[in-house]
Structure formats: C-alpha cells, structure tokens
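Undergrad: Pasting a structure here, questions to come.
The values are calculated or read from the model by the stated rules, or taken from the named source; none is laboratory data. The structure presented is a predicted model; accordingly, all values stated were derived computationally and were not measured. Neighbour counts run over all protein chains shown; Cβ positions are idealised from the backbone, glycine included.
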C-alpha cells in the first residue's frame, strides 16, 4: 500500500489529508499550528491522521505541502541580507525602482517609500557590459568584481543576487560572477537573473532575483528541516512543495527557486477549490477566498486557473508565474470608519489584524470591523472554531454603534448592514477585476467561496454578480490540503525572444518552444516524473509591434505542429485583444516571451461522499436565531454542517455552522448539500 | 454652443439616496475610472502613454461636472465651443486649447469626449485626453522649443465628431493622420482613448440599470454636494477671514532667451469663499512655455491639496467649485492670447503644484513640503538608421525623466522618483532593444537633494550613448532658480545637461533645446534637479547621514551640510560632529526661514554664466 499526504499550514490550524493512492480514499485530521516551528504541527498532524486511518508512516510515498514560509519572510521583513551585483552605472536600480510613486496627484506627499529588498550599501557594481543583442560590449573586469564581492563578504551578506544589464540576451558574465562568488563568498547561495527570470526589463528582473535570494535561506532551512524530521519519523516519502502556479516542485527544486513559491498558500486554495467544484460538476469558476485582512479572487476556465506572470506579496511585485490571484485589501478584520469631513462610510484598508482583532474578540479591540458587523446582524454565532473563540456581542454592538452615530443612522443594525454592503462592494470590485474587466461575464461562472469569512459573504456576492451556484466547499483548511494532494508536478522554462511573428516561420517557432519544453521536461525527469507521463503547454507573451504590454496566449503542441503556427498565434492574440479591449490594430505582432510548462499526471483522489439523506433536513437543524437582513429582523434556522446528508436542502434564511467556517443563506435562497460535501446556494425557484 | 439631441427630455425627479448607496455609486465610479486607465495603458503604442501613462480620464454628470477624475477638464467649456448637434453614438475629438477654454493646454493632448445615453437621455459624459508623442510640425515629437505661435506646433484639431452615430469619420481621420510622423501611434492611442471612454460609458449604464437613473443621478448630486460641504468646512478651518496669503515661484526661461518668469498666486478667504488670484504673474512668454490655465483646473489643483489629507479615499469632483473664485489676468503667462505657442507648458503645470504647496503650506504645516516640481523633463531622440538591416528606417524616442521628490513632513523625499501619478521610467533594456543607443549610467547624484531633517530626494543622471546619427530635443527647467527648502531645509541642486562629444569636447546644453545634432559615440548627460530639504539639517541623526554616505547618496563632504563629520566609509566622528554643529549654529540666525530659495534673483542672474555655462536670460516685461 502507498499513500499521498497533503499538508496545509494555516495561521490557526494545520490540516492534513491522507490519500490511498490505489483506491483514492481519504482521511483528514486537524491540529493546532505551531508558528515557531511549523514542522512540529505537521508531524503531529501526520501522527493523528495515520492513527485514524490505521496506516503506517512507512507507507507514505509522497508528502505534498503548500507553505507560507516564503510569503511570511517577505511580509514580516525577515528574509536574508542580500548582496546585489549590477552592471556599472546601475547600482541604484532598486533605489530608483522605475521612479514609480503610487496614488493620485499629490500622492507623493503621503507615500512612505519601502526600503529596497537589497540594501544600497550591499549593492556593488561589476565593470562589464552586454549589448541588447547579446554581444559583449565590455569584457568583465574580474579583479574589480572580486574586490566588490569582498566588500559584500565584509558586510556579511547571507545571499547573493546577480542581475546584469541585458543578461536575458546573454548570461556569460553572470555565470562567471557566480564562479567568482563561489571563491570569494564560499557557502553563500547565488541567484542569477538569467536563471531566475531571463526576461527583458532590468528592474523587474533584478527585484525578482533579489527576492529569490531574500527568501532562499529560510525556505532552504525549513524544507531541509521538515525533510529531515520526516525521515527521522520514518516517513520515506519525498517532500514536494506547491508552487505559486499550482504545480508541485520537488523539495530540491523549490529550494533553488523559492521565488516561484511565494503564493504557495493561495495556490493551494484555488487548486483545492477547482477539485471540489469539479466534484459538483462545475469547471467555470470564480474563486473567492476571504480571510481576516485580505481577500483573494481568481478565475478558472475549463478547470484550469488562469496563470499570471506577476506575483504580489504585500508591497512587493515580482515577475514569477502564479495563479492569477487578485487581492482586495479587505477582510473580516477590516475596520470601518467615517471621516469627519465627508461623513462617508469607509471600510479598510486598515485592519484590526489578529491582535487586538475585532471588538467581538474581546482582546481589547474597540474599532468596528466587518466581523463585528456580522456579529451585530446575527450572522456569526457567538462561538467559533469549535468553541475555541467566544464572541462578545455587546462589544461588537458598541463598536458598530460609533458608525451609526457618526453617520446619523437609526440603529447599530443599520450601520452594520451598511458596513457589510460596502465591504461586499469592495469584494465585487475584485470579482469584476478577474471577470468583466477580462471580458468574462460572471453569470457564466459559479462562485466558490472559502476562507474564514468567505461563506458569510458568498450568498450576497452571488446576488451582486449573478454567479450561480455559489459553492461553499467543506472546511477551508481541508480545501487547501486537498489542493496540495490533488495537483501534479510541474516545471517551467521561459525566455525573452523579441521577434516579429511575420519574420518567424513555423519551424523556427517550433525550435524556440521545443527547446524550452525540453529543458523543463529534463528537470521534471530529474524530479522523478518519467517523460512518458509529461503534458506540455506553451504560452507566448505577444503584443502589437510598439505596444508596451504583452498578452499571454496559451496553446498546445497542435499549433506548433501546424505549417502556419505563427499566423495561428497572431489570430489567437487578435481574438484575445478584441475580447479585452474591443478592438485590434492593423500593426504586426511581436513575440516577446516564450514559455513552456511541463506537468506530470494528476493523481487520483476519491471524492468525499456524504451519506444520502432522506429529504428531511430537520436532523441537522439545531435551533433558530434572529438575524437582521434587508432592513428587518427575521428568524433564521441554525444548522450543523457535519449533520447534513447528500441532497439535504437548507431553506434560507439560515446559518450553517461548522468548526472553522459559517455559511449565511439569505432569504429567497436555498443551500443544497451535494454528495461531494459542498453546499450549493441558489436563488429559490420563486425568486429565480 | 452644442445642442444635445435626446429622445427623452423629461425631467428626472431627484430622490433621496441612502448613504450606503451613495458610497456604492462612488465606489463604482472609482472602479470605472481606473478601468479607463487600464484599457488605454494596455493598448497604446506611443511611448508617452504606453510607458509613461501621460493621460487623464474623467466621468461627468449630465451638466458636464466632473464626478470622478483627477486632472479635471472642462466639459462645459468644450461644449460651449462646439457648434453642432451631439447625439447617441457620437464621439468628439479636439486638440485645440483655444477652442475649448483650455480643457487641454497644448496641441499634443488629444481630448476625446462622448455622451453617455440611457433610454434616450444623457446621463453623463466620459472623457479622456492623452499626450500624443508626435502631432507633426517642424520638429519630431512636435514640441519646438523656439516656437512663437501654435501654428509651429503641428496639427491642431478643432472640436469635431470623430464618430457620428457610431460611424467613424475616416476622411477627417486620414487628413489628421497625414500630418503626423508616426500615424500608427496616433491611431492606436486614439483607439485606446475611445475604447476607454466607451468602457466608462458601459459602467455608468450598468450602474443606471442597477440603481435606476433617478437614484444614480441623485447620487451624483449628493457626491458633488459632499465635496462642496467638506470643502466649505475645510476653508473655514484653514484660512483666516480676510487674510491674504501670497507665494511666488519662477520658471527659469522660455526657450528663446527670456526669463525668469515670475509666477504669483494669492489667496484670500471672505465668508464661505476663497479667491485665488494669479495677478502679479509675468506676461505671456514669447517662447512656448505658456501655460493656458483653465479656471476650473486651478480650482481642482487647489482642492487636491486641501482634501487629499482630510479623506484620501474621497472621490474627486467638481462639487466645491462654486466656493472658489479665480482671477487669471488676460495676456499673462496663465492666459496668453491666441496664437501664442503652448507646447512646453509642462514646466508651468509642474510649477503650479509648487505654488499651491508653498501657498497652502503657510497655514498648514502638515501640507508644507519643499519644492521639487521642476517640470516633466522630456528627452527626444530621432533619426534614420544609417546602415544595417534597418537602414533608412525612422526611429523616434520620446521619454520623460524624473528628479528628486521634496523633503516632506512624512520623511525624506525619494531619490529620482516621479511627482506625477502612475508615471514610470522606460527600462534601459527596452530602450536599448528598440532604439540605437546605450545607457552608460542611470543613477541618482549624491548631495543633489537639499539638506534637511528630512532630506530632499536626489536628482538623476542618465547618460545616453548614441549609436546612430540623429537629433535630440530636451525640455526641462530649474536650471537657474533653485528648488527651495522649507522650515530650515536647504534648496536642492539645479539640473544640468551636457554632451561629451566623441571628439573629446564638452558642450553645455540649455534646458530647452531641439534639433541638436548628435553622432555615434556622443554621450548626453541628462541631469535633473534635486528636491528641497525639509526642517533643520543639523537635527538629522548623524548615524543616518553616515549610512547614506555608505549608500553613496550623500558624500563625506556633503555630510558637512548636516554638520556631520564622517569619513568616506561612513564612520561618523561624534565629537567632531558636535563641534561642527555648534559652530554652524552659532553662524546662523536663531530663527530659520520658512522658505529658503537660495541666493537672491539678482545674484543668481549675475552668476548665471559662471555657474551654469549658459548666458543669463533677459527679464520679461509687460508691454
């Protein structure tokens, strides 16, 4: 017997999911997370799930893990001290940061500029120059470069990034500097821009390379430690890490390119949501992951999440493929306030965070948050997370009342309803970003809602977008672990091409992409996935000649095999441009970046199967509660989610409770428990 | 005066809008406005918009009042200047500042306006203008620094219907595009402007469908009223009744030998209203630097400084305009007479922000920043490839540079950053891939930021090594008059430009020039100004000064301006620092000046040639 193990480490809970590789059967376990050393919680969870399933640790063949270690290093500013080597004349590339100041007119007055990820005193120059055509304009001065590296050694840098001008066109100087660094800075990991991101644009490439170095030591330590612990505990299985693009990467590969794992966490959620929704028969999805401080949304077509070329973490945006997740800076902890001057109701971007948290948490928070509004309206029961958190309804009320007073509203409920409306509107803005603004009609998609707060707001967002059904998967942590366990190994190669499409013939196009596929494929074989099981997809960043931004067009081997590949590519680009911007131009097309992604097979996991119910939902009903909705109090049924059986229909208004999430079903809507364990919310027939 | 053709002209009753719906409409408008930006950025071809985002969107109510946008423009003035019917599906275009009450201020800006219809009725307007990188005329990029009339500045399009009932006027478009050097750019950018406005129209129509036309229009009224009420309260809070505040700044020269131009702004509050008065400013310039300023735009700039700090999330609109009276004298720098040249008005737009900053900061220390707005420094390079695969092919580069952000109450001014929203520099690798040049250096220059408790940002030196023969053009300012410091902070350094010729000679260039020939191997240094300093430099933490020496942002010699004694490795000498600071304190007045503009004007002019290598300009006089 062999087993796969999906592991998701969240802020509060660590979820593990054990999958029988033959039958696809699953077992789940949940334990408290251990933030100081996440591996303790992970091992505890493995013990628990093995005990439950009666499985020996020695039978676990694969451990699949989504981790936030890289993300947290950036968010908390606790990465390595990175040294950066640039071409002479470009030492301040991160200091100048493309000269960009966010905000509107006068925004510069109130913008605190973040410090560069590699400090300027740890940035040195190499006398050398490569031309934009890849030729050597000035040979590398090795002695001067060694001297510069010695300065970095004296400064105590813990990681080294090398990003030279035009290194995307030729990498020989970067490679040579890596060799010099091995002698001058022994033991320090080196990230080369020509490896991390061989694409044009020096700032973005330097920043991405530095970010790679910045998180590398922590990721390496964490992954190595976890691997060692697993081995010591008798788990023979290889550790794989979930990448930001939703693929899996062997632990070794993850350590060398940690910048590809910055969104490992959210990618797990989206991947899990896709899998769960597929069990309910839906493949066209908008995912909606609402947490405490922010909300992530993504669009899924044909069961595949759209992949973007940018990864955003906090203030940092790097060029690394990632599930195209858009983040709205609002969540359950967002604070509502009323500026005195305009008396408008604003929600966020300030957040109460975990400490002190919403007023209802009773940890000293006094400012009204979205969670407090949900409590005042009766949407959130006063005990959460299986009794670990008790909510203080009176404190929430007092906090929300301050908004009512400032706006002259008649009651705390009216103010709370306003806060919910505003935050839902902010969420709607995010959902529109991935749908309407990309040329997709949200009514053609189902909305998958998860995260701590997602299921509370999901029904309302279904109403605003017309995306039905609203799918609420089983508990959020399990969803991410499912994502980890159900995805496939993946690797990717990319490079900047800069050729006009009409100057490329089909054979040249084949050669460019074939080479990339081969190198990615080779690495995947190195990770233990035999070549016969590989699936290759290609993507080309194209633009009209003269445009400044590219659109990514994805395609498969069929197009490459065709005699008119370049022309087909141009037509696909035109269609995409038309969809997004409602026009095309008579200009030629330029191929900017080429990319090949190679994936292994998708593992088989059996869907969760709820017992069929008998059509009577009363067994799951635990009582009733008063909630405030559409300007009035109504009675809502309270239901225990774990007691719902397949086919049970919960009529709204209702509140469905499980350990770590709560689902609100609005009047005029019903929630159906389907066999896969999801709740499907739809308008009742009478309203639809 | 335009006649609006509506099939439904009944009055829309106004209804009560609950505060939450109001905020929902506000949010929807804000999203629509950012979507307009996105559509244009992604599709534009000309470098000015594509890479640098030189464009400004707007959504207005049926009367043409801006309900969201950031650079205001005056749809009422535009409509007043258009003689004809406007109906559903029409899209109007103009580039003539003199025909639209300066809704745009030079002929490079193409302004698109379209009515938004719902059920036969105008529910608003969508509008956007963008800077076309070339509109023809006598020099590439259409900004001749010696122009004396607008006729030298390329094609000037009077307001006309680019689309009538959804059908494009191909003939007119062909005539226009026949005047410009790279018609593909203009065509794509124009497409983008129209697509962006149509996107905005769609979003407004969706909101009307969701909330109802009555509620939507009532919400717009309430949003305008919200700005009005907020501003009224703010004016009383900030300005003393009857007290006149004044501030004067300068533009160094006009490109044809006159300068500096004095720009004066005064403000007085009487009752609920304030009066902005530009009287006392210099006469209109002979050269192309005139900034034809629309009164509503002056109100808008004023409002930005007032409200941004009070509620940064507020949606900008025209609602407070009735509270602000504006006087701009005819024939002045701000209101030149047709056909005065206008192309280089970017210095004036920049300076308007320094003027408002200096003026309003006198009452509100939280708003007093040092100076930094030189202009929007432009660099152009064009020619035909002389050999190789592309022999004979035309190349034309248009780019915008950046300097030091001023020292601010919040902290240091960032080095080499943009004072304009959403502007970014063009990457070196992009430039080298598409233009025959190589960049040898792109860095900020130590000590160019004014010393202060909060240092001014450093200016930037970009060294362009040319690979093909061609001509270059430069538009910049602050080469003569200093970016001033405040609250004890020192002025920043002035900008400089020179070419190191391939023959070894050095040629100093004026800050405004065009058609300067360059040869392969010549290297242009384009050095921008530094931001002024904020607060007493002697109070700056010596260790921070030491760190900045290690970072190469301040030199050991420059550290003495902070009274800090430090070696080249950035190690400070605390005892020597204390002594130097005591000595510097003893040698200066007890009370530091609020504004430090550097030496007096007479002294600056007397030393001009010696310090800058350029002859002093001649003072302009009113006729």
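Undergrad: Spot the failing condition for residue A:614; the list is (1) farther than 25 Å from residue A:304 by Cβ; (2) loosely packed, with under 15 Cβ neighbours inside 10 Å; (3) within 14 Å of chain B (Cβ to nearest Cβ), and only one is missed.
TA: Residue A:614 satisfies all of (1) farther than 25 Å from residue A:304 by Cβ; (2) loosely packed, with under 15 Cβ neighbours inside 10 Å; (3) within 14 Å of chain B (Cβ to nearest Cβ) except (3).
Undergrad: In the range B:549-563, which residue that is crowded, with 21+ Cβ neighbours inside 10 Å and in contact with a strand residue (DSSP E or B) (Cβ under 6 Å, 6 or more places away or on another chain) is farthest from residue A:125 (Cα to Cα)?
TA: Going through the qualifying residues, I end up with B:559.
Undergrad: Let me ask you something else. Only one of these is touching a helix residue (DSSP H, G or I) at 6+ places or on another chain (Cβ under 6 Å) and away from every other protein chain (no Cβ under 14 Å): A:570, A:511. Name it.
TA: A:570
Undergrad: Next question. Counting just the residues of the range A:118-136 that are in contact (Cβ under 8 Å) with a residue 40 or more places away in the chain and in a loop (DSSP other than H, G, I, E, B), which one comes out farthest from residue A:200 (Cα to Cα)?
TA: A:118
Undergrad: So if I check each of B:399, B:374, which one is within 17 Å of residue A:108 (Cβ to Cβ), touching a residue at least 60 places away in the same chain (Cβ under 8 Å) and in contact with a helix residue (DSSP H, G or I) (Cβ under 8 Å, 6 or more places away or on another chain)?
TA: B:374
Undergrad: Is it the case that some residue within the range A:541-556 is without any contact (Cβ under 8 Å) to a residue 12 or more places away in the chain and in contact with a strand residue (DSSP E or B) (Cβ under 7 Å, 6 or more places away or on another chain)?
TA: Checking the range A:541-556: at least one residue is without any contact (Cβ under 8 Å) to a residue 12 or more places away in the chain and in contact with a strand residue (DSSP E or B) (Cβ under 7 Å, 6 or more places away or on another chain).
Undergrad: Of the conditions (1) within 14 Å of another protein chain (Cβ to nearest Cβ); (2) under 30 Å from residue A:492 (Cα atoms); (3) out of contact with any helix residue (DSSP H, G or I) (no Cβ under 6 Å at 6 or more places or on another chain), residue A:349 satisfies every one except a single condition; which number is it?
TA: (2)
Undergrad: On the given criteria, is residue B:379 in contact (Cβ under 8 Å) with a residue 40 or more places away in the chain and over 23 Å from residue B:50 (Cα atoms)?
TA: Numbers: in contact (Cβ under 8 Å) with a residue 40 or more places away in the chain: yes; over 23 Å from residue B:50 (Cα atoms): no.
Spelling it out, it is not the case that residue B:379 is in contact (Cβ under 8 Å) with a residue 40 or more places away in the chain and over 23 Å from residue B:50 (Cα atoms).
Undergrad: Sticking with this structure for a sec: Restricting to the range B:412-450, give me the number of residues that are under 22 Å from the mean Cα position of the chain (by Cα), at the interface with chain A (Cβ under 7 Å from one of its Cβ atoms) and crowded, with 23+ Cβ neighbours inside 10 Å.
TA: 8
Undergrad: Only residues that are surrounded by 24 or more Cβ atoms within 10 Å (Cβ to Cβ) and in a loop (DSSP other than H, G, I, E, B): list them for the range B:240-254, please.
TA: B:252, B:253, B:254
Undergrad: Are any residues in the range A:111-142 at the interface with chain B (Cβ under 9 Å from one of its Cβ atoms) and closer than 24 Å to residue B:547 by Cβ, and if so, which ones? Explain how you work it out, then say what you get.
TA: At the first step, the residues of the range A:111-142 found to be at the interface with chain B (Cβ under 9 Å from one of its Cβ atoms) are A:111-113, A:119-121, A:123, A:129, A:131-133, A:137.
Residues satisfying the conditions are A:111, A:112, A:113, A:119, A:120, A:121, A:123.
Undergrad: Going through B:453, B:467 one at a time, which residue ends up being within 10 Å of chain A (Cβ to nearest Cβ), surrounded by fewer than 24 Cβ atoms within 10 Å (Cβ to Cβ) and touching a strand residue (DSSP E or B) at 6+ places or on another chain (Cβ under 7 Å)?
TA: One residue alone meets the criteria, B:467.
Undergrad: Within the range A:409-429, work out how many residues are in contact (Cβ under 8 Å) with a residue 40 or more places away in the chain, out of contact with any strand residue (DSSP E or B) (no Cβ under 6 Å at 6 or more places or on another chain) and at the interface with another protein chain (Cβ under 8 Å from one of its Cβ atoms).
TA: Looking only at that region, the number is 3.
Undergrad: Is it true that residue A:578 is under 31 Å from the mean Cα position of the chain (by Cα), without any contact (Cβ under 8 Å) to a residue 60 or more places away in the chain and either outside any loop (DSSP other than H, G, I, E, B) or not assigned by TED's automatic domain parsing to the domain that holds residue A:28 (or both)?
TA: yes
Undergrad: Just to check your reading of the model, which residue among B:88, B:55, B:38 is surrounded by fewer than 24 Cβ atoms within 10 Å (Cβ to Cβ), under 21 Å from the mean Cα position of the chain (by Cα) and either farther than 30 Å from residue B:149 by Cβ or not assigned by TED's automatic domain parsing to the domain that holds residue B:420 (or both)?
TA: Numbers: B:88 fails: under 21 Å from the mean Cα position of the chain (by Cα); B:55 fails: surrounded by fewer than 24 Cβ atoms within 10 Å (Cβ to Cβ).
Answer to the check: B:38.
Undergrad: Can you list the helices (runs of 4 or more DSSP H) found entirely within the range A:369-454 that contain at least 3 residues being closer than 30 Å to residue A:302 by Cα and within 31 Å of the chain's Cα centre (by Cα)?
TA: On the way: elements: A:370-376, A:393-407, A:412-434.
The helices (runs of 4 or more DSSP H) meeting that bar are A:412-434.
Undergrad: Going by the structure shown, is residue A:40 assigned to a helix (DSSP H, G or I) and within 14 Å of chain B (Cβ to nearest Cβ)?
TA: Judged against the criteria, residue A:40 is not a match.
Undergrad: Here is a follow-up. Which one is surrounded by the most Cβ atoms within 10 Å (Cβ to Cβ) among residues in the range B:517-548 that are part of a strand (DSSP E or B) and under 25 Å from the mean Cα position of the chain (by Cα)?
TA: B:534
Undergrad: Just a yes or no: is a residue in the range A:140-147 outside any helix (DSSP H, G or I), at pLDDT 95 or above and more than 30 Å from residue B:358 (Cα to Cα)? Quick ask: steps written out before the conclusion?
TA: Looking only at the range A:140-147, we keep the residues that are outside any helix (DSSP H, G or I), and these are A:140-141.
Narrowing the set further to residues that are at pLDDT 95 or above leaves A:140-141.
Still in the list and also more than 30 Å from residue B:358 (Cα to Cα): A:140-141.
There is at least one residue in the range A:140-147 that is outside any helix (DSSP H, G or I), at pLDDT 95 or above and more than 30 Å from residue B:358 (Cα to Cα).
Undergrad: Return the total of residues in the range B:42-66 being out of contact with any strand residue (DSSP E or B) (no Cβ under 7 Å at 6 or more places or on another chain), assigned to a helix (DSSP H, G or I) and over 18 Å from residue B:202 (Cβ atoms).
TA: Here the count works out to 1.
Undergrad: Identify, please: which residue in the range B:373-408 is part of a loop (DSSP other than H, G, I, E, B) and at the interface with another protein chain (Cβ under 8 Å from one of its Cβ atoms) and is, among those, nearest to residue B:469 (Cα to Cα)?
TA: Of the range B:373-408, the ones part of a loop (DSSP other than H, G, I, E, B) are B:373-377, B:385-393, B:401-402, B:404-407.
This time we only want the ones that are at the interface with another protein chain (Cβ under 8 Å from one of its Cβ atoms), so: B:402, B:405.
Details: B:402: 26, B:405: 34 Å.
Per the criteria, the residue is B:402.
Undergrad: Within the range B:272-307, can you find the residues that are within 14 Å of another protein chain (Cβ to nearest Cβ) and either over 16 Å from residue B:359 (Cα atoms) or in a strand (DSSP E or B) (or both)?
TA: Pass one, the range B:272-307, residues within 14 Å of another protein chain (Cβ to nearest Cβ): B:297-307.
Result: B:297, single match.
Undergrad: Give me the pairs, please: first residue somewhere in the range A:6-27 and at positive phi, second residue anywhere and assigned to a loop (DSSP other than H, G, I, E, B), beta-carbon distance under 7 Å, and either six or more positions apart or on two chains.
TA: Here the result reads A:24/A:604; A:24/A:605; A:24/A:606, each pair linking the range A:6-27 to a residue that is assigned to a loop (DSSP other than H, G, I, E, B).
Undergrad: While we're here: Could you check, for the range B:171-191, whether at least one of its residues is in a helix (DSSP H, G or I), more than 14 Å from chain A (Cβ to nearest Cβ) and in contact with a helix residue (DSSP H, G or I) (Cβ under 9 Å, 6 or more places away or on another chain)? Don't jump to the end; show me each part of the working.
TA: First, pick out the residues of the range B:171-191 that are in a helix (DSSP H, G or I): B:171-177, B:183-191.
Of the ones still in play, those that are also more than 14 Å from chain A (Cβ to nearest Cβ) are B:171-172, B:175-176.
From what is left, the residues that are in contact with a helix residue (DSSP H, G or I) (Cβ under 9 Å, 6 or more places away or on another chain) are B:176.
Scanning the range B:171-191 turns up at least one residue that is in a helix (DSSP H, G or I), more than 14 Å from chain A (Cβ to nearest Cβ) and in contact with a helix residue (DSSP H, G or I) (Cβ under 9 Å, 6 or more places away or on another chain).
Undergrad: Let me ask another. In the range A:472-498, how many residues are touching a helix residue (DSSP H, G or I) at 6+ places or on another chain (Cβ under 8 Å) and not in a helix (DSSP H, G or I)?
TA: 13
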